[in-house]
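Scroll down for the structure; my scribbles are underneath it.
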Amino acid sequence: MIRVYLLDDHEVVRFGLREMLEREGDIEVVGESGSAVDATHRIPALRPDVAILDGRLPDGSGIDVCREIRSVDPTIKALILTSYDDDEALFAAIMAGASGYVLKQIHGTDLIDGIRRVAAGQSLLDPAVTARVLDRIRKGPEQPDELKNLTEQERKILLHVAEGLTNREIAERMFLAEKTVKNYVSSLLAKLGLERRTQAAVLASRLLGRH
């Protein structure tokens, strides 16, 4: 028997999944919950073969639950079931150790087949997508074009400028001489084609999503 745990905040969805899975004869639903916190506590105790985790929940996400339960017991396989086709979420799911990421539009027979494959140690993740994610990890986060000419040190200083720190405060935080920081700021302003540090702060906030 394949032991399955269901996490979805909609009771109707859980009921439908349970009915469909238990008709198969080789799948047993050993537990279910509607909240991430509850699932995080209960899944490691029940030790299902496969945890089917809703992508988005009122108190967290299936991806967070996946990361938590697999850090406690890596033998538990996780399948993220979501309504959202989202590259960022897929990236996070792979990083959290999920064995599969499927949309809720999936046919029931395909989901059942997927559960069996995941329980057997296979992955439902598209190899091309997984390769793209691994490539992205190797390259590190993509830098906005405007920042590509800056050195690593200049980028760090730009972040501090965006936080509103003075040259003296930046110098103290980075263990540099204040004059050195002043030279770095002048250099990065020149590279960015700006005249004042306030312009650099605005640009950094926009590019780096700082509010």
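Please give the FRET efficiency for Thr75 paired with Asp110, using the beta carbon to beta carbon distance and R0 = 25 Å, rounded to the nearest 0.05.
0.55
Lys/Arg Cβ at +1, Asp/Glu Cβ at -1, dipole of the chain taken about the Cα centre: which of Ala39, Leu90, Val185 is farthest positive-ward?
Final value for the positive-end residue is Val185.
Could you tell me what percent of the DSSP beta bridges with both partners in the chain are antiparallel, to the nearest 5?
The antiparallel fraction comes to roughly 10 percent.
At 7 Å along Cα-to-Cβ for each site, give me the label-to-label distance between Ser123 and Arg206 in nm.
Each label point lies 7 Å from its Cα, and together they span 3.9 nm.
Using amide H atoms built in the peptide plane, which far-off residues or other-chain residues are under 5 Å from Ala51 H to H?
Close amide H contacts, sequence-distant or interchain: Tyr5, Lys77, Ala78, Leu79.
Could you give the dipole magnitude of the chain about its Cα centre, charging the beta-carbon of Lys and Arg +1 and that of Asp and Glu -1, in debye to the nearest 20?
So the dipole magnitude of the chain works out to roughly 1160 debye.
At what distance in angstrom do the alpha carbon centres of region 36-71 and region 156-211 lie from each other?
41 Å
Treat each spin label as a single point 7 Å out from the Cα along the C-beta direction, and report the Lys156 to Asp38 distance in nm.
Calculated label separation equals 4.7 nm.
What FRET efficiency do you get for His10 and Lys179 if R0 is 45 Å and r is their Cβ-Cβ distance, rounded to the nearest 0.05?
0.15
Would you work out if region 18-125 is rounded, prolate or oblate? Take a ≥ b ≥ c from the square roots of the eigenvalues of the alpha-carbon gyration tensor; rounded if a/c is under 1.5, else prolate when a/b is larger than b/c, oblate otherwise.
rounded
Where both partners of a DSSP beta bridge lie in region 13-101, what percent of those bridges are antiparallel, to the nearest 5?
Of those bridges, close to 20 percent are antiparallel.
Per residue, how much accessible surface does region 85-129 expose to a 1.4 Å probe? Answer in Å², no decimals.
Averaged over the residues of region 85-129, the accessible area is 51 Å².
Just to be sure I follow the rule: in the chain, considering lysines 8 or more places apart or on different chains, how many pairs have Cα atoms under 20 Å apart?
10
Full-extension gain between Asn149 and Glu22, please, as 0.36 nm times their residue separation minus the C-alpha to C-alpha distance.
Stretched out fully, the Asn149 to Glu22 stretch lengthens by 39.9 nm.
Test of understanding: given the chain, find the longest segment containing no chymotrypsin sites (Phe, Trp or Tyr not before Pro) that are in a DSSP loop and have at most 16 other Cβ atoms within 10 Å.
Counting at most 16 other Cβ atoms within 10 Å as exposed, the longest clean stretch of the chain is 85-174.
At 1.4 Å probe size, with the rest of the protein present, what percent of the exposed accessible area of the chain is carbon and sulfur atoms?
The nonpolar share, carbon plus sulfur, comes to 51 percent.
Considering the dipole of the chain built from charges on the beta carbon (Lys and Arg +1, Asp and Glu -1) around the Cα centre, which of Leu17, Thr151, Tyr5 is farthest to its positive end?
Thr151
With a/c under 1.5 counting as rounded, go ahead and sort region 8-74 into rounded, prolate or oblate using the C-alpha gyration tensor (a ≥ b ≥ c being the square roots of the eigenvalues; past the cut-off, prolate if a/b is larger than b/c, else oblate).
Since a/c reaches 1.5 but b/c is at least a/b, the shape of region 8-74 is classed as oblate.
The values are calculated or read from the model by the stated rules, or taken from the named source; none is laboratory data. Owing to the predicted nature of the structure, the values given are computational and were not obtained by experimental measurement. Here the Cβ is made from the backbone with ideal geometry for all residues, glycine too, and neighbour counts use every protein chain on show. When the accessible area is computed, the model is the full protein with side chains, heavy atoms only, and any ligands, DNA or RNA have been set aside. Shrake-Rupley method; radii C 1.70, N 1.55, O 1.52, S 1.80 Å.
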